[in-house]
Amino acid sequence: MSLTQPVAYDESTITTLSSLEHIRLRSGMYIGRLGNGNHPDDGIYVLLKEVIDNGIDEFIMGHGKKIEVNIDENEVSIRDYGRGIPLGKVVECVSRINTGAKYNTNVFQFSVGLNGVGTKAVNALSSSFMVKSHREGQFVCAYFEKGVLIKEESGTTTDPDGTLVKFTADEEIFGPYSYNYSFLNKRFWYYVYLNIGLDIRFNGEKFVSKKGLMDLLEKEVGEEKMYDIIYYRSKTLEFAFTHTGSYGENYISFVNGQHTTDGGTHQSAFREGILKGINDYSKKNFQGADIREGIVGTIAIKVQDPIFESQTKNKLGNNEVRSPIIQEVKTAIEDFLHKNKETANRILDKISFNEKIRKELQNVKKIAKEKAKKISVKIPNLKDCKYHLSDKTKEGEESMIFLTEGQSASGSMIVTRNVYNQAIFPLKGKPMNCFETKMEVVYRNEELYNIMQALGIEETIENLRYNKVILATDADVDGLHIRNLLITYFLHFFDSLVL
């Protein structure tokens with residue numbers, strides 16, 4: 001007997017949504033996640049960005065140097081001083097999908113908002129929305145509620161040209177929310193770093209940059225830089241980088257003013273260009289890992305018709321930009337190093353140091369692995385479970401490992417655990433304090449090495465065997481100390497597990 005009722009599939013089941021209805025019903029297709037404002041990618045920040053981007057585009061085209069942003073009890077007000085929306089198209093530009101000047105490359109050459117949706121989505125997802133365009137002594141003002149036009153006004157004005165937008169994101173869509181000003185401050189700083197001369201005022205606070213990405217990197221690395229920042233700027237490419245004493249490599253990348261948090265072809269090309277530039281200058285063949293260890297860099301490009309791998313534009317997908325960026329970065333770095341011998345020598349010293357450490361670590365890894373093989377083919381003391389995260393099953397998704405305080409503490413847990421998805425790993429007393437230590441310490445310390453092996457993260461975090469890592473220590477001073485030492489270990493070497 002079927003448990004489902006038969007459903008007719010005929011003309012009556014076919015539904016056509018208006019663009020407004022579709023945006024409100026499928027908001028994730030247009031702005032990504034909704035959220036409540038606690039994450040920088042939450043939808044309320046996407047709405048704000050879509051409106052500000054219009055003012056940025058005006059600035060890029062040479063119209064209007066100031067953008068004023070104010071937030072009062074979740075009502076956002078954004079005023080730019082560009083050319084203003086053409087008065088006969090004000091309503092269409094904020095309410096009709098696929099209407100806008102950004103399809104015309106003669107008007108907007110390097111724009112992020114190329115899909116004709118941005119401001120329309122803001123309008124549709126706002127409980128109240130107002131747009132007012134000032135243009136050559138005239139204005140047109142339109143008021144909307146949930147994307148529906150309520151009234152329209154027009155007349156003369158003495159205000160300077162530009163566009164004013166006010167909106168309140170609809171709580172029927174987003175639920176209760178609030179703006180995190182630290183997220184907004186960071187975004188506004190990025191805007192002015194990318195647009196030298198742009199003046200943004202947020203609730204009266206001024207944001208302006210004179211040196212662009214140079215200012216950004218100076219703020220990021222501070223006194224940690226090992227040599228003066230290498231900086232380059234052309235019409236369509238700007239980059240800066242230096243080395244620090246930190247682990248790994250870190251990049252901040254942008255496309256047409258959009259912060260591409262997931263990188264993309266421009267960022268990978270930047271990395272490749274640095275490698276080729278330094279190797280060609282030094283006439284050596286350093287490994288990429290040795291050149292990039294400790295590097296902090298930022299790149300911004302301008303490109304017509306950017307292709308992003310999501311509606312929220314976090315990753316660039318244009319393959320045709322790769323070769324030109326590699327070549328321009330390589331040439332710029334070679335030229336800089338030939339003209340700045342002291343900086344060049346410091347870079348080569350850093351790379352040689354990285355190479356030395358890598359080779360030492362390889363030897364330590366080899367010794368640790370050989371030692372582990374002699375002790376046991378399995379990880380000592382690990383009471384494993386049947387299913388793991390890598391199995392891509394429901395049981396694997398529910399897998400967890402308990403790091404317990406000694407054999408005695410793990411005894412009762414081993415007996416009562418779910419053997420399908422709960423693993424137990426008892427510690428041998430207090431682990432080593434890893435604060436300000438190097439990775440080779442992990443390979444030389446049997447306890448820390450076994451933890452890393454048990455979790456499967458020796459090569460990459462992507463191989464993590466359990467969905468949860470639970471620190472199960474006693475509720476006393478010693479237990480708290482062990483927890484702190486373990487958290488330090490993970491934060492220092494495997495921070496993405498914690499953050």
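List of remarks:
- Candidate set from the stretch 180-198 (those that are out of contact with any Leu (no Cβ under 8 Å at 6 or more places or on another chain) and more than 14 Å from residue 53 (Cα to Cα)); member that is surrounded by the fewest Cβ atoms within 10 Å (Cβ to Cβ): 182
- Residue in the stretch 406-425 that is in a loop (DSSP other than H, G, I, E, B) and in contact with a Leu (Cβ under 8 Å, 6 or more places away or on another chain) present: no
- Of the residues making up the stretch 236-250, those that are touching a Phe, Trp or Tyr at 6+ places or on another chain (Cβ under 9 Å), in a strand (DSSP E or B) and either over 15 Å from residue 329 (Cα atoms) or of a type in the set (Asp, Glu) (or both) number 2.
- Note on the stretch 29-78: residues that are assigned to a helix (DSSP H, G or I) and closer than 18 Å to residue 125 by Cβ total 15.
- Scope the stretch 158-171; condition touching a residue at least 24 places away in the same chain (Cβ under 8 Å), surrounded by fewer than 18 Cβ atoms within 10 Å (Cβ to Cβ) and over 19 Å from residue 39 (Cα atoms); matching residues: 159, 160
- Residue match in the stretch 466-473 (condition: assigned to a loop (DSSP other than H, G, I, E, B), surrounded by fewer than 19 Cβ atoms within 10 Å (Cβ to Cβ) and under 34 Å from the mean Cα position of the chain (by Cα)): yes
- Set 297, 277: member being more than 20 Å from the chain's Cα centre (by Cα), of a type in the set (Gly, Ala, Ser) and on the phi < 0 side of the Ramachandran plot: 277
- Qualifying residue in the stretch 172-190 (condition: touching a helix residue (DSSP H, G or I) at 6+ places or on another chain (Cβ under 9 Å), among the small types (Gly, Ala, Ser) and either within 27 Å of residue 321 (Cα to Cα) or not assigned by TED's automatic domain parsing to the domain that holds residue 74 (or both)): no
- Residues (out of contact with any helix residue (DSSP H, G or I) (no Cβ under 7 Å at 6 or more places or on another chain) and assigned to a strand (DSSP E or B)) located in the stretch 196-216: 199, 201, 205, 206
- Residue selected from the stretch 436-447 under the condition surrounded by fewer than 20 Cβ atoms within 10 Å (Cβ to Cβ) and under 31 Å from the mean Cα position of the chain (by Cα), by the criterion nearest to residue 363 (Cα to Cα): 440
- Restricting the stretch 284-311 to residues that are assigned to a helix (DSSP H, G or I) and of a type in the set (A, V, I, L, M), the residue that is surrounded by the most Cβ atoms within 10 Å (Cβ to Cβ): 291
- Scan of the stretch 321-354 for residues that are among the aromatic types (Phe, Trp, Tyr) and closer than 19 Å to residue 288 by Cβ, ordered by number: 353
- The residues in the stretch 257-267 that are surrounded by fewer than 22 Cβ atoms within 10 Å (Cβ to Cβ) and either at pLDDT 95 or above or touching a Phe, Trp or Tyr at 6+ places or on another chain (Cβ under 8 Å) (or both) can be counted, and the count is 2.
- Of the residues making up the stretch 45-60, not a single one is surrounded by fewer than 19 Cβ atoms within 10 Å (Cβ to Cβ), at pLDDT below 95 and not β-branched (Val, Ile, Thr).
The values are calculated or read from the model by the stated rules, or taken from the named source; none is laboratory data. Nothing here was measured: the structure is a model prediction, and the numbers come from that model. Neighbour counts run over all protein chains shown; Cβ positions are idealised from the backbone, glycine included.
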